[in-house]
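Okay, structure first, notes after.
The values are calculated or read from the model by the stated rules, or taken from the named source; none is laboratory data. As the structure is a prediction and not an experimental result, all values here were calculated from the model. Here Cβ is always computed from backbone atoms with ideal geometry, including for glycine, and neighbour counts include all displayed protein chains. Remember, those area values only see protein heavy atoms, side chains included, never the ligands or the DNA or RNA. Shrake-Rupley method; radii C 1.70, N 1.55, O 1.52, S 1.80 Å.
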Amino acid sequence: MSILRIELRRSAAVGAALLALTVGVATLYLARGRWSDGWLSLALTTKEYMILLWPIALAAGAWQGRREHRAKVGELFDTTPRSPLRRMLPVLVAMGATLGLAYVLVVVAGGVQLASTAGYFPPDVVAIVLVGAFSLVAATWLGLGIGRLLPALVTAPVLAVAGVLLVFFTAIMQPDWMAAVLSPAYGSGSFYPFQTIDAGVTAALAIWMVGLALTGVLLLVARNPRVWLAAALPVLLGFGAAAAIVPRDEATLVAPVDPVARELVCTDDAPKVCVTRIHANVLDTLTPLAREGLAVLAKLPNAPTQAHEERRAYLIEGAPARDLDVVTIFVRIDERGGLAHPDVVVPEMVFGLGIGYADTRCERNGAVERAAAYYLLGRQPVSAVEEIPEVFEEDPETTAEAVALWQGLRKLPEPEALSRVTAVRDAILACRDSTGLLSR
């Protein structure tokens, strides 16, 4: 322990860990909206920042690995009776433990904000974070070995650049199973809040990182070229073992779903409003808005009587069967974990006329649907960008046509206008063209 304390004071361990911690926490809090959904989103976002943290650990190890060469004491230490492994063990522990702890502390720093809003803690998060922390340990040990083998001044910066490129290109390489094995950042692109990483993918990455770590240790303690060549064996065995257990199914590799996080949590009274378990904290805020939207849709015959959060994993699942008794809602979470853009909840519910405006299994006339929806809402149509901030494109012609159709509806008796709006909804359900139904 005395030697370890000396290593912590004199090595690059503490400085590298502080750098990784600073970079990790800064990048997290510069984009709080990316992980405010819950613990799964936090774990995936932190894993994505491996593109910065992994090269830092690799370069820090390489910088530390050239210490004996820099001090010109390598030959002197080789004459001591202590084995190279025992002599290098303190620096291995000091560098690896501090960098691994830095990764855990980055997650903890994000968790401080989530503690008051995220009620569901998935067990997958523990495995993802622990393997992420060990990935930094492996990068550090590999850097130590390479730094001792190639003790040039440029080794550390070159490895930092190479680490960024390695993490990025291995994450996007094909086939997907190979990317899942090789990249410490694979699977971190978050497409929906209940997305997770399969346990088989996490285990495969852990095995691959064990191989890299052992290779780094062998390079660090090796004293002859034959051992240097033997250092490639752990990497090859690690890749082989990881490739043998990693899943091959695309649905398991690409944005899989945590089924518990996607379960519905509903109100006890009617009209029933439901959200996913991961968003249970916003149910009280969403309920009055959803019921207001249901009240607007109730002007139509056979209108939906329940509102559920949209929970389809669209990357791996097809469109679900339509349930005309349920209207779906897109729940968005703000940076503080609360309901984002509450003022667009009702318009979004009404835009699809109770079917769902994002249901694109049939061709749909946007101008006709917007005019019909705004008639139910009782106000003049505006552009999609103005109404829903998440819509990034605007079609002025569609908005102008919707306004003209809406004005025509306003001139009709209410029963006739509602009849035409109902005809539009029926056309959508039957996959028929709704053009002209409002202006006939």
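Couple of notes before you dig in:
To keep it simple, each residue is scored yes or no on (1) assigned to a helix (DSSP H, G or I); (2) modelled with pLDDT of 85 or more; (3) out of contact with any Asp or Glu (no Cβ under 8 Å at 6 or more places or on another chain); (4) of a type in the set (D, E, K, R).
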position	(1), (2), (3), (4)
Ala400	yes, yes, yes, no
Leu405	yes, yes, yes, no
Gly408	yes, yes, yes, no
Ala417	yes, yes, yes, no
Ala423	yes, yes, yes, no
Asp426	yes, yes, yes, yes
Arg440	no, no, yes, yes
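- Residue check, Thr287 open to solvent by less than 60 Å² (accessible area, probe 1.4 Å) and either at pLDDT below 95 or closer than 30 Å to Met209 by Cβ (or both): no
- Condition met for Ala109 (closer than 28 Å to Val201 by Cβ, surrounded by 16 or more Cβ atoms within 10 Å (Cβ to Cβ) and among the small types (Gly, Ala, Ser)): yes
- Residues in region 275-295 that are polar (S, T, N, Q), farther than 15 Å from His341 by Cα and out of contact with any Lys or Arg (no Cβ under 8 Å at 6 or more places or on another chain): Asn281 alone.
- Counting only residues that are surrounded by fewer than 20 Cβ atoms within 10 Å (Cβ to Cβ) and under 30 Å from the mean Cα position of the chain (by Cα), region 309-329 holds 14 of them.
- The one condition in (1) within 27 Å of Thr196 (Cβ to Cβ); (2) open to solvent by 20 Å² or more (accessible area, probe 1.4 Å); (3) out of contact with any helix residue (DSSP H, G or I) (no Cβ under 6 Å at 6 or more places or on another chain) that Cys274 fails to fulfil: (2)
- Only a single criterion out of (1) farther than 21 Å from Val235 by Cα; (2) out of contact with any Lys or Arg (no Cβ under 8 Å at 6 or more places or on another chain); (3) in contact (Cβ under 8 Å) with a residue 40 or more places away in the chain is not satisfied by Ile128, namely (2).
- Out of Thr170, Thr155, Thr215, Thr196, one residue alone is in contact with a strand residue (DSSP E or B) (Cβ under 9 Å, 6 or more places away or on another chain) and polar (S, T, N, Q). It is Thr196.
- Any hit, region 171-184, residues being assigned to a helix (DSSP H, G or I), within 30 Å of Trp228 (Cα to Cα), open to solvent by less than 50 Å² (accessible area, probe 1.4 Å) and among the hydroxyl-bearing types (Ser, Thr, Tyr): no
- For region 119-155, the tally of residues that are touching a Leu at 6+ places or on another chain (Cβ under 8 Å) and outside any helix (DSSP H, G or I) stands at 1.
- Flag if Leu233 is exposed (fewer than 15 other Cβ atoms within 10 Å of the Cβ) and outside any strand (DSSP E or B): yes
- Listed by position, the strands (runs of 3 or more DSSP E) enclosed by region 253-350 that each have at least 2 residues that are aliphatic (A, V, I, L, M) are 264-266, 273-276, 326-329.
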